[in-house]
Each structure stands twice: as structure tokens, then as C-alpha cells.
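These notes are about the structure you will find just below.
Every read-out reported here was derived from the displayed coordinates using simple, explicitly stated rules and does not represent laboratory data. Quick caveat, the model's predicted, so the values are computed rather than measured. Here the Cβ positions follow ideal geometry from the backbone for every residue, glycine too, while neighbour counts run over all protein chains shown.
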Amino acid sequence: MSYRRTRKPIFKACKKCGGLVPLDAKSCPYCGSTSFTEDWEGMVIIIDPEKSLVAKMIDRADKPGIYAIKIGGKVALK
Ligand SMILES: [Zn+2]
């Protein structure tokens, strides 16, 4: 029996834009990147990037979607 420190994620985070996509996604629906990591924490849901304060904090969150707050231990928010 081995125990992992991390919980089992249902999403993986795009390394480029921080967008969260299903584990079986081939490419990022937000920016088209194919580089992902499962090492992420926290999520924000952007519905309307024009009006969302959080979207303004995340530089790259210019499309509606789910974004990770932390990627690889670093805060992805601006
Ligand atoms: Zn992306």
C-alpha cells in the first residue's frame, strides 16, 4: 500500500495559460497548448472575463473557463 500526498485530480492544468482541462484532453481549449501538469492547486471559474475581477488578476484568463490558481507550487495569479 502506498499513499500519495496529493489528492487525485480530475483536471490537469495547462502550463501555458493555467486553464484546467479534463485529464484526457489532448490540447488546451483556451490556448491550444499541449503541455500540462497535474501539479496544481485551487481553481477559479471565469464566466465573464470582461466583468470578472479575478480574470483581471489572471493575465491569461481572457476566455471563460476554469483556471488553476497555483501551478507547480507557484501562484499563477498576477
Ligand atoms: Zn492553455
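Extension gain for the segment residue 56 to residue 27, taken as residue separation times 0.36 nm less the Cα-Cα distance, is 8.0 nm to one decimal. Extending 7 Å from the Cα toward the beta-carbon at both residue 47 and residue 70 defines two label points whose distance is 2.7 nm. Our summary gives the range 11-72 a relative contact order of 38 percent, counting only alpha carbon pairs under 8 angstrom and 6 or more residues apart.
With Kirkwood's inverse mean 1/r over C-alpha pairs for Rh, give me the Rg to Rh ratio of the range 12-57, two decimals please. Present the calculation step by step, with values, prior to reporting the outcome.
Details: Rg = 11.1 Å, Rh = 11.3 Å.
Looking at the range 12-57, the ratio lands at 0.98.
Neighbours of residue 37 by Cβ distance under 14 Å: Lys/Arg scored +1, Asp/Glu scored -1, total +2.
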